[in-house]
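Asks: Take a look at this one; I'll ask things after.
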Amino acid sequence: MSVHRRCILTVHAHPDDEASKGAPTLAKYRAEGVHTVLVCCTGGEEGDLQNPRLREPGQPFHGLTPEEEKLKMAELRPVELAESAAIIGFEEVVMLGYRDSGMVDTEANAHPESFHMAPIDDAVGRLVGTIRRTRPQVIITYSDDHSGYPHPDHVKVHDISIVAFERAGDPNWYPEHGEPFQPAKMYYTLWSKARLIAVHDAMLRLRGSSPYDDRWFNRVGQDERITTRLEVGEYLWARSGALLAHATQVNPDEPFWFGLSDEELAEVYPYEDWVLAHSHVGYVPEGIIEEDLFAGIEIAAEAHQ
């Protein structure tokens, strides 16, 4: 497996997911010269307005009916995504072309153009085509555990990513989507309980209150699954800046997102945690925590030269 340029491809369900999951990591690798690709599976048409400021006089949602709000949302979310991607530093944004599926048992979930209703082979084929064209050694996707947020689009992102990871290198699948290319490693996103506790304690100490309660602390932790931890304290601006770019989806006054400044968060938990889910490089960390998503890939490349 030869390596020509380092490339990471990350798969997300909606505009704004790229901001909340992995933005500092992608900004860090972009600063190191890695080619970064964002795949967004839907347009986020079903998102609700989360920022009450945008209903104030002079703001884009002032005086709109619910129907008009939906149309305005569909108009603004691509603009917000472009701004967020520019802040993080993505060199390429690929829209997979599906409609936001909304939540389970809603009308949007049964929409024929929704991601949820898309035939699996169609969605996998589109993702395989992007993988073969951009040739990422590393793919990032959502975890196989959806208990925290079982949104249909998030579940399907995981499902198509797993299949595409394996089929991209198989010439028998989707020959119409380019020359086969096998990615080396796949990682799952994960918000660790260690981070939750660190942020909670810091907010109590610095702000006197925390948005986290028993609903969060009673969730089953998955910290034992963590294989990889990146220090990204210098790149937390990518997360906060990208979140603020999604003005319709993120309330700038919400302590869940902005209870700590970037500098304060860097003091208490300057890391992003990942789970190495699949590897084709013959390298799996045992008893140690990786510090690089590309760990082992250069070794594998040299062994095959």
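Asks: I'd like the residue in segment 236-262 that is over 16 Å from the mean Cα position of the chain (by Cα) and among the hydroxyl-bearing types (Ser, Thr, Tyr) and, out of all such residues, is farthest from residue 44 (Cα to Cα).
Replies: In this case the residue turns out to be 261.
Asks: Here's a follow-up. Quickly run through segment 60-97 and pick out the residues that are assigned to a strand (DSSP E or B) and in contact with a Gly (Cβ under 8 Å, 6 or more places away or on another chain).
Replies: Answer for segment 60-97, where residues must be assigned to a strand (DSSP E or B) and in contact with a Gly (Cβ under 8 Å, 6 or more places away or on another chain): just 95.
Asks: Of the residues in segment 42-54, how many are outside any loop (DSSP other than H, G, I, E, B) and loosely packed, with under 14 Cβ neighbours inside 10 Å?
Replies: 2
Asks: Return yes or no: is residue 270 modelled with pLDDT of 95 or more and in contact with a Gly (Cβ under 7 Å, 6 or more places away or on another chain)?
Replies: yes
Asks: While we're here: Please tell me if residue 130 is surrounded by fewer than 23 Cβ atoms within 10 Å (Cβ to Cβ), out of contact with any Cys (no Cβ under 7 Å at 6 or more places or on another chain) and part of a loop (DSSP other than H, G, I, E, B).
Replies: no
Asks: Also, I was wondering about something else. Of the numbered conditions (1) under 26 Å from residue 85 (Cα atoms); (2) in contact with a Leu (Cβ under 9 Å, 6 or more places away or on another chain), residue 221 fails exactly one; give the number of that condition.
Replies: (1)
Asks: Taking segment 46-62 as the region of interest, how many residues are closer than 13 Å to residue 16 by Cα and among the polar types (S, T, N, Q)?
Replies: 1
Asks: Of the residues in segment 75-92, how many are closer than 15 Å to residue 140 by Cβ and without any contact (Cβ under 8 Å) to a residue 60 or more places away in the chain?
Replies: Matching residues across segment 75-92 total 1.
Each row is one residue, and each column tells you yes or no for (1) in contact with a Pro (Cβ under 9 Å, 6 or more places away or on another chain); (2) under 24 Å from residue 73 (Cβ atoms); (3) surrounded by 14 or more Cβ atoms within 10 Å (Cβ to Cβ).
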| residue | (1), (2), (3) |
| --- | --- |
| 216 | no, no, yes |
| 224 | no, no, no |
| 227 | yes, no, yes |
| 235 | yes, no, yes |
| 242 | no, yes, yes |
| 253 | yes, yes, no |
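Asks: Kindly indicate whether any position in segment 111-122 is assigned to a helix (DSSP H, G or I), under 18 Å from residue 43 (Cα atoms) and of a type in the set (Gly, Ala, Ser).
Replies: Checked segment 111-122: no residue is assigned to a helix (DSSP H, G or I), under 18 Å from residue 43 (Cα atoms) and of a type in the set (Gly, Ala, Ser).
Asks: Can you tell me which condition residue 256 does not meet? The list is (1) in a helix (DSSP H, G or I); (2) over 30 Å from residue 60 (Cα atoms), and all the others hold.
Replies: Tallying (1) in a helix (DSSP H, G or I); (2) over 30 Å from residue 60 (Cα atoms), residue 256 fails exactly one: (2).
Asks: Going through 169, 208 one at a time, which residue ends up being without any contact (Cβ under 8 Å) to a residue 12 or more places away in the chain and over 18 Å from the mean Cα position of the chain (by Cα)?
Replies: Among 169, 208, only 208 is without any contact (Cβ under 8 Å) to a residue 12 or more places away in the chain and over 18 Å from the mean Cα position of the chain (by Cα).
Asks: Give the residue, chosen from 57, 15, that is in a loop (DSSP other than H, G, I, E, B), touching a strand residue (DSSP E or B) at 6+ places or on another chain (Cβ under 7 Å) and modelled with pLDDT of 95 or more.
Replies: 15
The values are calculated or read from the model by the stated rules, or taken from the named source; none is laboratory data. Since this is a predicted model, take the numbers as computed values, not measurements. Because the Cβ atoms are built from the backbone with ideal geometry, glycine has one as well, and the counts that use them run over all protein chains shown.
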